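Trainee: This is the structure I have questions about; it appears just below.
The values are calculated or read from the model by the stated rules, or taken from the named source; none is laboratory data. All figures in this text were calculated on a predicted structure; none of them were measured in a lab. Here the Cβ is made from the backbone with ideal geometry for all residues, glycine too, and neighbour counts use every protein chain on show. Surface areas here come from the heavy atoms of the whole protein model, side chains and all, with no ligands, DNA or RNA. Shrake-Rupley method; radii C 1.70, N 1.55, O 1.52, S 1.80 Å.
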Amino acid sequence: MAMQSSRREMEEHHFSLWTLIAVPLLSVFLQAYLPLRFPHFGLVDLPVLVVIYFAVSRRSPIAGTFFGLVIGIIQDALTHLPLGIHGIINCILGYLAASIGLRIDVDNPGTRLMMNFVFMLLGSVLQVLIFRRLLGMHVEWFWLHELIRAVVNALIGVILFALLDRLRQRE
Amino acid sequence: MESFLSRYRNPLVLLAVVLAQMVLIAVQVRRPVKGTDGRQTRLARYGVVSVISPVERAFLFTGHGIVNSWHDYLDLRQVRAQNRELQAELSRIRVEEASLAEDARQNGRLQKLFAFQQHYVASTVAAHVIGTSGTDLSRVLYLDKGSADGLRTDMPVITPDGVVGKLRDVFPHSSQLLEINDPTSGLGVILTESRLRGILRGTASGQTEIIDILPDEHIRPGEPLVTSGGDEIFPRGLPVGTVDRVINDPARNPYVAILIRPAVNLSRLDEVLVITQTSDTIPTTMQQDMATSEQKAADILAQRLPGAIAPPATGPDGKAQPPVDVNAPPPPVRPPASLHPDRYTPGATPPAAQLTPGAPYSTQTFAPPTAASPVAPASEAKAGSAAKKIPAEKRSSTPPAGTVEIHTKPKRSAADSNGATPAEEPRN
């Protein structure tokens, strides 16, 4: 336990407060604006990628949970759907990403690719479950669409994570 | 207990947060609030929209400014040719509109007769699309106009191509537009040819469809559909789209679903029109436009087909004549004046009493007609009583002012009707 804590403290990355506020807001803004110019951009989920990144960087499941909660509620506020749908999804993904960040090396691009792919698929499953079980709405599941979406997001996530690495504060 | 909480602190926090959000969702779904959201959720949405919208608006207008400057330069080079094309198109549309204006008036009279209240678009507000919801599960767009510009919830939104959706939530300086392809939207439509009515809904994949249709309905792809006005939001008759195909609906057997191709490209919207007011009479601006179109159409036709439309009615003093009474019987149809009169010109043949049997045509003693007086005065003076009965103004080949001249074949003479073939007819 003591060893894990020291490793966690050693690999925990820090960001400025401005980064923690501006980056999520920018991701939500781009997610809302870019589909106007590029209709296929709706396939990408930038806010979720940002949640995953900050969760694995902070390596704190509670921080990851609340980070996911805030970004998810902001995403929900832009839709006409009940508040909390993206909140629940992002909370769970943030929690899991932070938990994984404690155990494996998440700075490796290959690991990031796999991690993003799995998290995006998990996010889709959670979304369908929430719509069907909580809201009683019929949402169809298309395997091919979800796989393509996960692959695209995983690739974009690798690039995005590399860019966000530059915003880390040096110890 | 303390060790349990400290040991499972992380999953417990996650569980608590997720449960809290589930309760939040349940409350929002259960609450039957008229309109859109409860006060608290609306406040949350307003807060987020207030932060995001100004940035989106700034981005949009900055981007538009740069792009427009470049496009202005490019457009300037093509503007003359484009102007000519537009003028020609405008002329064509004027003529079309003029021909439709009378139908519209008749339609209005009939609707009055049946006490049917038609709603016309009286006023609109143009708005820019500045953002989306960011997810495919919620087909909403954000507009840069809000309640400060006179927008209200449930106002219909259109483009010149057709229906886009309706306003779901209106904030002071922005508003949320729910597109017709969202699963929660509903729009009363009618197919123009089969006269089938239905409710257009969106699907989770962003398509639009009409469900609960019996399979024996005769619907063919390409059939257009318009708003029915039954939803009391959209005025009747706005174009919605066309039938794409009819598919079996396994969820609602034995009904089928009609997939619709929207008239508007919903994924590429820049500007929209919000209908802020409708009226049950044709708006004044539309009436003026129709009157202008009719006048312009007459001018265009007069330019292109000088013979088809008579010159404006003016008297000998140059003043305008009173309008022709439309209830009066139409004047007799007469052939037009010929440019080069000859013996075959109507009215040029002298009465039989003046002709010498067996004499050649050149030795006949009647005056040939002239352009100024097609009928020879000499022959007229000696004509029988039948010729005298014809009034002078009716003998003139020029039609009365203000009437449309109709070109008809001259009646065949008695000789023709007695078996003379065209080959036997004399030639000039």
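Trainee: What about B:Asp182, is it at pLDDT 90 or above, in contact with a Lys or Arg (Cβ under 7 Å, 6 or more places away or on another chain) and buried (at least 19 other Cβ atoms within 10 Å of the Cβ)?
Mentor: Here the answer is yes, as B:Asp182 does meet what is asked.
Trainee: Another question about this same structure. Can you find a residue in region B:14-33 that is under 38 Å from the mean Cα position of the chain (by Cα) and either at pLDDT 80 or above or at the interface with chain A (Cβ under 9 Å from one of its Cβ atoms) (or both)?
Mentor: As a first pass, look at region B:14-33 and keep what is under 38 Å from the mean Cα position of the chain (by Cα): none.
Taking every residue of region B:14-33 in turn, none turns out to be under 38 Å from the mean Cα position of the chain (by Cα) and either at pLDDT 80 or above or at the interface with chain A (Cβ under 9 Å from one of its Cβ atoms) (or both).
Trainee: Now for a separate question. For region B:111-127, check the following and say yes or no: at least one residue is within 14 Å of chain A (Cβ to nearest Cβ), open to solvent by 10 Å² or more (accessible area, probe 1.4 Å) and modelled with pLDDT of 90 or more. If you could, list the steps in order and put the result at the bottom.
Mentor: Within region B:111-127, the first condition is being within 14 Å of chain A (Cβ to nearest Cβ), and the residues that meet it are B:127.
This time we only want the ones that are open to solvent by 10 Å² or more (accessible area, probe 1.4 Å), so: none.
Checked region B:111-127: no residue is within 14 Å of chain A (Cβ to nearest Cβ), open to solvent by 10 Å² or more (accessible area, probe 1.4 Å) and modelled with pLDDT of 90 or more.
Trainee: Looking at region A:112-137, which of its residues are over 17 Å from B:Thr135 (Cβ atoms) and open to solvent by 40 Å² or more (accessible area, probe 1.4 Å)? Give the derivation first.
Mentor: Applying the first criterion (over 17 Å from B:Thr135 (Cβ atoms)) to region A:112-137 yields A:112-118, A:133, A:136.
Scanning region A:112-137 gives A:Leu113, A:Met114, A:Phe117, A:Val118, A:Arg133, A:Gly136.
Trainee: Taking region B:198-215, which residues are in contact with a Gly (Cβ under 7 Å, 6 or more places away or on another chain) and open to solvent by 50 Å² or more (accessible area, probe 1.4 Å)?
Mentor: B:Ile199, B:Arg201 - these are the residues of region B:198-215 that are in contact with a Gly (Cβ under 7 Å, 6 or more places away or on another chain) and open to solvent by 50 Å² or more (accessible area, probe 1.4 Å).
Trainee: Let me ask another. Taking region A:138-155 as the region of interest, how many residues are open to solvent by less than 50 Å² (accessible area, probe 1.4 Å) and either among the charged types (D, E, K, R) or in contact (Cβ under 8 Å) with a residue 24 or more places away in the chain (or both)? Before the answer, list the steps.
Mentor: Going residue by residue through region A:138-155, those that are open to solvent by less than 50 Å² (accessible area, probe 1.4 Å) are A:139, A:146, A:149-150, A:152-154.
With either among the charged types (D, E, K, R) or in contact (Cβ under 8 Å) with a residue 24 or more places away in the chain (or both) added as a condition, the list becomes A:146, A:149-150, A:152-154.
Summing the residues that are open to solvent by less than 50 Å² (accessible area, probe 1.4 Å) and either among the charged types (D, E, K, R) or in contact (Cβ under 8 Å) with a residue 24 or more places away in the chain (or both) in region A:138-155 gives 6.
Trainee: Here's another thing I want to ask about it. Would a scan of region B:220-241 turn up a residue that is under 27 Å from B:Arg139 (Cβ atoms), touching a Phe, Trp or Tyr at 6+ places or on another chain (Cβ under 9 Å) and modelled with pLDDT under 85?
Mentor: No, region B:220-241 contains no residue that is under 27 Å from B:Arg139 (Cβ atoms), touching a Phe, Trp or Tyr at 6+ places or on another chain (Cβ under 9 Å) and modelled with pLDDT under 85.
Residues are listed down the side, and each one gets a yes or a no for (1) assigned to a helix (DSSP H, G or I); (2) away from every other protein chain (no Cβ under 14 Å); (3) within 25 Å of A:Leu20 (Cβ to Cβ):
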site: A:Phe67; (1), (2), (3): yes, no, yes
site: A:His80; (1), (2), (3): no, no, no
site: A:Asp105; (1), (2), (3): no, yes, yes
site: A:Met115; (1), (2), (3): yes, yes, yes
site: A:Leu126; (1), (2), (3): yes, no, yes
site: A:Phe131; (1), (2), (3): yes, no, no
site: A:Leu144; (1), (2), (3): yes, no, no
site: A:Ile156; (1), (2), (3): yes, yes, yes
site: A:Phe161; (1), (2), (3): yes, yes, yes
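Trainee: Would you mention how many residues in region B:139-155 are open to solvent by less than 10 Å² (accessible area, probe 1.4 Å) and touching a Phe, Trp or Tyr at 6+ places or on another chain (Cβ under 8 Å)?
Mentor: 1
Trainee: Going by what's in this entry, would B:Arg168 be described as within 14 Å of chain A (Cβ to nearest Cβ) and open to solvent by 10 Å² or more (accessible area, probe 1.4 Å)? Walk me through how you get there before you give the answer.
Mentor: Numbers: within 14 Å of chain A (Cβ to nearest Cβ): yes; open to solvent by 10 Å² or more (accessible area, probe 1.4 Å): yes.
Answer is yes for this residue.
Trainee: With the requirement that a residue be away from chain A (no Cβ under 11 Å) and either free of Cβ contacts under 8 Å to residues at least 40 places away in the same chain or assigned to a loop (DSSP other than H, G, I, E, B) (or both), what does region B:175-189 give you?
Mentor: First, the residues of region B:175-189 that are away from chain A (no Cβ under 11 Å): B:175, B:180-181, B:186-189.
If the condition is that a residue be away from chain A (no Cβ under 11 Å) and either free of Cβ contacts under 8 Å to residues at least 40 places away in the same chain or assigned to a loop (DSSP other than H, G, I, E, B) (or both), then B:Ile180, B:Asn181, B:Gly186 are the ones that fit.
Trainee: Here's something else I'd like to know. Can you pull out every residue in region B:265-299 that is at pLDDT 70 or above, open to solvent by 70 Å² or more (accessible area, probe 1.4 Å), outside any helix (DSSP H, G or I) and away from chain A (no Cβ under 14 Å)?
Mentor: B:Gln277
Trainee: Pick from B:His173, B:His218: which is touching a Lys or Arg at 6+ places or on another chain (Cβ under 9 Å) and surrounded by fewer than 20 Cβ atoms within 10 Å (Cβ to Cβ)? Explain how you work it out, then say what you get.
Mentor: Numbers: B:His218 fails: touching a Lys or Arg at 6+ places or on another chain (Cβ under 9 Å).
Exactly one residue qualifies, and that residue is B:His173.
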